[in-house]
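Here the structure is laid out as structure tokens; the discussion comes afterwards.
The values are calculated or read from the model by the stated rules, or taken from the named source; none is laboratory data. Values in this document were obtained by computation on a predicted structure and should not be read as measured data. Glycine also receives a Cβ, built like all others from the backbone with ideal geometry; neighbour counts cover every protein chain displayed.
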Amino acid sequence: MVFWVFGYGSLVWNPGFEYDEKVIGFIKEYRRVFDLACIDHRGTPQHPARTCTLEKSQGSLCWGAAYCVRGGLEKEKAAMEYLERRECEYDEKTLVDFYKEGESEVPLLTGVIVFTSTPDTISNKYYLGPAPLEEMARQIATATGPCGDNRDYLFSLEKAMFDIGHEEDYVIELANEVRKVLGIVSVTAKEKKLSGPSLVPLKSSLSPVKLATLSGAIAMDS
């Protein structure tokens, strides 16, 4: 058993498990959206955070990192068990083709695992669905949990995409909207230095966005 897993959220900068190989690349026909509730690490059941999931989108590319785990059944089993605990708010494992930069016609890998969520608020209690940019920004700016602030998750993703050379307009736009809520100067894709969590020391005095209470998960970043 050798498996590859594709990370498009915090796995890009913080995989958290032992792996043997990491490759930067992309998957096709999916785009990253902040439509998933997080109640265990960046938010709480009373005030869920917003974290990444994927939605199908014809013609889209989603950049991230693929990780390979090999070296024996115990090591592979331990990595998968860790991922399943960490990604417990995702209710599906999807197999995708993974492409490397400059090789967009033929996939480098097939059958790569990616954790996704059913886009249905009835069958999937963690799915929040889309919302206006300002509403999402206010929720992200005010949510916090055992592993830190929701805004730091977003700012870390923004920096991670910059670091791998594939900034994403959607992520930058949302991050800049959060900065507006917090009173922080916005940045653009052309600027070479993006503010990460360590550069955002202020605490917001905003009232949390009121959302339906969710229950059940564990304290682990994703």
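Scanning the range 138-160 for residues that are part of a helix (DSSP H, G or I) and out of contact with any Leu (no Cβ under 9 Å at 6 or more places or on another chain) yields Asn150, Asp152, Tyr153, Ser156, Leu157, Ala160. Being of a type in the set (Gly, Ala, Ser) and buried (at least 16 other Cβ atoms within 10 Å of the Cβ) is the filter; apply it to the range 65-94 and report the residue that is farthest from Phe6 (Cα to Cα). The residue in question is Ala79. Note on the range 4-41: residues that are of a type in the set (Phe, Trp, Tyr) and part of a strand (DSSP E or B) amount to 5. Checking the stated criteria, Val114 turns out to be among the β-branched types (Val, Ile, Thr), in contact with a Phe, Trp or Tyr (Cβ under 6 Å, 6 or more places away or on another chain) and in a strand (DSSP E or B). Within the range 1-59, being touching a residue at least 60 places away in the same chain (Cβ under 8 Å), among the polar types (S, T, N, Q) and surrounded by fewer than 21 Cβ atoms within 10 Å (Cβ to Cβ) holds for Asn14, Thr44, Gln46. Just one of (1) basic (Lys, Arg); (2) part of a helix (DSSP H, G or I); (3) under 30 Å from Gly183 (Cα atoms) fails for Arg85. It is (3). Filter the range 95-108 down to residues that are part of a strand (DSSP E or B) and either touching a Leu at 6+ places or on another chain (Cβ under 8 Å) or surrounded by 17 or more Cβ atoms within 10 Å (Cβ to Cβ) (or both) and give me whichever is modelled with the lowest pLDDT. My answer is Lys100. Among the residues here, His47 qualifies as under 21 Å from Glu177 (Cα atoms), touching a Pro at 6+ places or on another chain (Cβ under 8 Å) and either assigned to a helix (DSSP H, G or I) or not hydrophobic (A, V, I, L, M, F, W, C) (or both). Taken residue by residue, the range 136-150 has no member that is surrounded by fewer than 21 Cβ atoms within 10 Å (Cβ to Cβ), under 18 Å from Gly7 (Cα atoms), of a type outside the set (A, V, I, L, M) and in contact (Cβ under 8 Å) with a residue 12 or more places away in the chain.
Of the residues making up the range 125-134, at least one is surrounded by 13 or more Cβ atoms within 10 Å (Cβ to Cβ), farther than 30 Å from Tyr19 by Cα, modelled with pLDDT under 95 and more than 16 Å from the chain's Cα centre (by Cα).
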